[in-house]
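Chemist: Below you will find the structure I want to go over with you.
The values are calculated or read from the model by the stated rules, or taken from the named source; none is laboratory data. If you're wondering where the values come from, they're calculated on a predicted model, not measured in any experiment. Cβ placement follows ideal geometry from the backbone for every residue including glycine, while neighbour counts extend to all protein chains displayed. Each accessible area value is taken on the protein alone, full model and side chains, heavy atoms only, with ligands, DNA and RNA left out. Shrake-Rupley method; radii C 1.70, N 1.55, O 1.52, S 1.80 Å.
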Amino acid sequence: MNNNPLNQLGTLGQSIWLDYIRRDLAVELRRMIEDDGVRGMTSNPAIFKEAIVDSQDYEADIRPMALEGMDAKEIYEALSRRDVQMAADEFRRVYDATDGKDGYVSLEVNPHLAHDTKGTIEEGRRLWDALDRPNVFIKVPATIEGLPAIKQLIGEGINVNITLLFGLARYRQVAEAYIAGIETRLALGNDVQHVASVASFFVSRIDSLVDPLLEKSIAQGDSRQAHLARQALGQVAIASAKMAYQMFKEIFTTDRFKKLSEKGARVQRVLWASTGVKNPDYSDVKYIEALIGPDTVNTVPLETLNAYRDHGLPKARLEQNVGKAAAILEQLSQLGISIDAITQQLEDEGVDKFNKPFDHIINKLAKTSPGIQ
């Protein structure tokens with residue numbers, strides 16, 4: 001299916017991953033791997049809520065676990081672990097064929113650990129051992145407290161997907177944590193060839209928060225402010241991602257990283273997450289089309305995958321209009337909008353948005369599963 005736009009992304013250096021998981025996906029997943037060139041999968045508590053709470057697919061597994069005396073968190077972990085293992089086994093041939101570049105499936109640590117470094121490290125180790133697959137990622141949030149956890153887990157040879165990443169300054173800290181972890185591992189005489197990581201930028205949420213502020217400037221500002229706001233409307237998320245990619249290229253072409261690369265270290269690819277379009281006025285493939293480039297990943301919800309298969313127009317656009325992207329970010333301050341404050345707010349809200357579905361799952365399991373106290 002060479003005319004499938006999804007398959008063409010690979011020729012442009014981008015891997016398309018699916019931001020979705022469910023128990024009965026195996027057959028459809030094989031088709032997407034073969035026909036659509038899907039190269040990996042991500043999950044999060046909101047996705048598992050949809051799978052576990054909003055379907056009947058797991059009831060037959062929940063009851064015997066409860067009767068064995070497992071508590072709600074243990075049941076959730078067992079269910080999510082099985083799904084990730086199933087998907088990882090489906091993607092294992094992709095992992096082998098790409099020599100470990102792709103074929104990964106992600107499982108997130110308990111989102112309540114977002115500000116707990118020690119707890120994140122301990123849970124990351126435990127989940128890694130329990131999953132027992134080389135082609136899985138442990139998702140760790142890009143909070144201040146998550147940074148030392150990233151370094152520690154990478155140093156131990158655990159693959160890490162850095163999640164809830166919004167700001168450019170924080171991205172530089174995330175990349176530093178990865179590189180420092182690789183250096184620690186090499187200093188101990190350990191192999192780094194099979195240690196993988198991605199830095200996952202949440203894209204569409206930036207526009208969802210900034211656009212209303214820009215619309216207010218358009219409606220209430222003077223002519224100059226209105227002009228600047230119109231230029232930035234709907235463009236801030238993409239502009240930020242384009243600048244992140246420039247940072248990625250800078251960081252991973254330094255002499256420092258070249259020395260690590262010579263010893264087998266892999267670059268920490270940037271991954272575009274939250275790429276489903278939330279504003280119906282925008283193209284439903286907006287956050288794929290603009291962000292195609294080498295050494296990138298785009299993880300998309302099923303609806304966006306289907307939309308791109310139908311009417312995507314693949315072209316390497318990630319490095320187009322980089323100067324304009326930088327100017328858009330600079331213009332925000334002239335409009336009284338702090339991008340640093342925006343990204344910190346999004347990080348705080350993002351943690352909460354994962355805590356709520358996680359808690360919903362646990363509460364639902366506790367209430368509906370016989371044997372759970």
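Chemist: Being at negative phi, buried (at least 19 other Cβ atoms within 10 Å of the Cβ), charged (D, E, K, R) and at pLDDT 95 or above: is that true of Arg230 here?
Modeler: Values: at negative phi: yes; buried (at least 19 other Cβ atoms within 10 Å of the Cβ): no; charged (D, E, K, R): yes; at pLDDT 95 or above: yes.
For Arg230, the condition - at negative phi, buried (at least 19 other Cβ atoms within 10 Å of the Cβ), charged (D, E, K, R) and at pLDDT 95 or above - is not met.
Chemist: Return the pairs, sorted by first residue and then second, in which the second residue is open to solvent by 50 Å² or more (accessible area, probe 1.4 Å), the first residue lies in region 166-193 and is closer than 10 Å to Ile154 by Cα, the beta carbons are less than 6 Å apart, and the residues are 6+ apart or on different chains.
Modeler: Hits for this filter: Ala177/Lys151; Ala180/Lys151; Gly181/Lys151.
Chemist: Looking at (1) assigned to a helix (DSSP H, G or I); (2) crowded, with 23+ Cβ neighbours inside 10 Å, which is the only condition Gln152 fails?
Modeler: Every condition holds for Gln152 apart from (2).
Each row is one residue, and each column tells you yes or no for (1) in a helix (DSSP H, G or I); (2) touching a strand residue (DSSP E or B) at 6+ places or on another chain (Cβ under 9 Å); (3) under 28 Å from Gly40 (Cα atoms); (4) of a type in the set (A, V, I, L, M).
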residue	(1), (2), (3), (4)
Thr275	no, yes, yes, no
Ala316	no, yes, yes, yes
Lys324	yes, no, no, no
Ser333	yes, no, no, no
Ala341	yes, no, no, yes
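Chemist: Criterion first (at pLDDT 95 or above, in contact with a Phe, Trp or Tyr (Cβ under 8 Å, 6 or more places away or on another chain), assigned to a helix (DSSP H, G or I) and open to solvent by 10 Å² or more (accessible area, probe 1.4 Å)) does Arg185 satisfy it?
Modeler: Values: at pLDDT 95 or above: yes; in contact with a Phe, Trp or Tyr (Cβ under 8 Å, 6 or more places away or on another chain): no; assigned to a helix (DSSP H, G or I): yes; open to solvent by 10 Å² or more (accessible area, probe 1.4 Å): yes.
No: the conditions fail for Arg185.
Chemist: State whether one or more residues within region 158-168 are open to solvent by 20 Å² or more (accessible area, probe 1.4 Å) and either part of a loop (DSSP other than H, G, I, E, B) or closer than 27 Å to Leu29 by Cβ (or both). Step through it out loud before you land on a result.
Modeler: Of region 158-168, the ones open to solvent by 20 Å² or more (accessible area, probe 1.4 Å) are 168.
Keeping just the survivors that are either part of a loop (DSSP other than H, G, I, E, B) or closer than 27 Å to Leu29 by Cβ (or both) gives none.
No, because not a single residue in region 158-168 is open to solvent by 20 Å² or more (accessible area, probe 1.4 Å) and either part of a loop (DSSP other than H, G, I, E, B) or closer than 27 Å to Leu29 by Cβ (or both).
Chemist: Hey, among Glu145, Glu215, which residue is modelled with pLDDT of 95 or more, within 16 Å of Ser333 (Cα to Cα) and surrounded by fewer than 24 Cβ atoms within 10 Å (Cβ to Cβ)? So that I can check it myself, show each step before the final result.
Modeler: Working: Glu145 fails: within 16 Å of Ser333 (Cα to Cα).
One residue alone meets the criteria, Glu215.
Chemist: Among the helices (runs of 4 or more DSSP H) confined wholly to region 37-141, which include 3 or more residues that are open to solvent by 70 Å² or more (accessible area, probe 1.4 Å) and within 30 Å of Asp348 (Cβ to Cβ)? Give the derivation first.
Modeler: Details: elements: 45-52, 59-67, 72-97, 117-131.
In region 37-141, the matching helices (runs of 4 or more DSSP H) lie at 117-131.
Chemist: Out of Gly312, Gly350, I need the residue that is among the small types (Gly, Ala, Ser) and either in contact with a Pro (Cβ under 6 Å, 6 or more places away or on another chain) or modelled with pLDDT under 95 (or both). Which one? Reasoning before the result, please.
Modeler: Working: Gly350 fails: either in contact with a Pro (Cβ under 6 Å, 6 or more places away or on another chain) or modelled with pLDDT under 95 (or both).
Matching residue, one of Gly312, Gly350: Gly312.
Chemist: Arg63 is checked against (1) over 30 Å from Gly157 (Cβ atoms); (2) of a type outside the set (S, T, N, Q); (3) more than 20 Å from the chain's Cα centre (by Cα); (4) modelled with pLDDT of 95 or more and fails just one. What number does that condition carry?
Modeler: Condition (4) is where Arg63 drops out.
Chemist: Name the pairs whose Cβ atoms lie under 8 Å apart, with the first residue in region 257-278 and at positive phi, the second of a type in the set (A, V, I, L, M, F, W, C), and 6 or more positions between them or separate chains?
Modeler: Pairs found: Gly264/Val192; Ser274/Phe202; Ser274/Val203.
Chemist: Additional query: Out of curiosity, is Asn190 closer than 25 Å to Asn355 by Cβ and either open to solvent by less than 10 Å² (accessible area, probe 1.4 Å) or modelled with pLDDT of 95 or more (or both)? Break it down into steps so the answer makes sense when it comes.
Modeler: Working: closer than 25 Å to Asn355 by Cβ: no; either open to solvent by less than 10 Å² (accessible area, probe 1.4 Å) or modelled with pLDDT of 95 or more (or both): yes.
The answer is no for Asn190.
Chemist: On to the next question. Just to be sure, is Leu18 surrounded by 15 or more Cβ atoms within 10 Å (Cβ to Cβ), at negative phi and assigned to a helix (DSSP H, G or I)?
Modeler: No.
Chemist: Inside region 289-304, can you point out the residues that are within 18 Å of Glu319 (Cβ to Cβ) and free of Cβ contacts under 8 Å to residues at least 60 places away in the same chain?
Modeler: Within region 289-304, Glu289, Ala290 meet the criteria.
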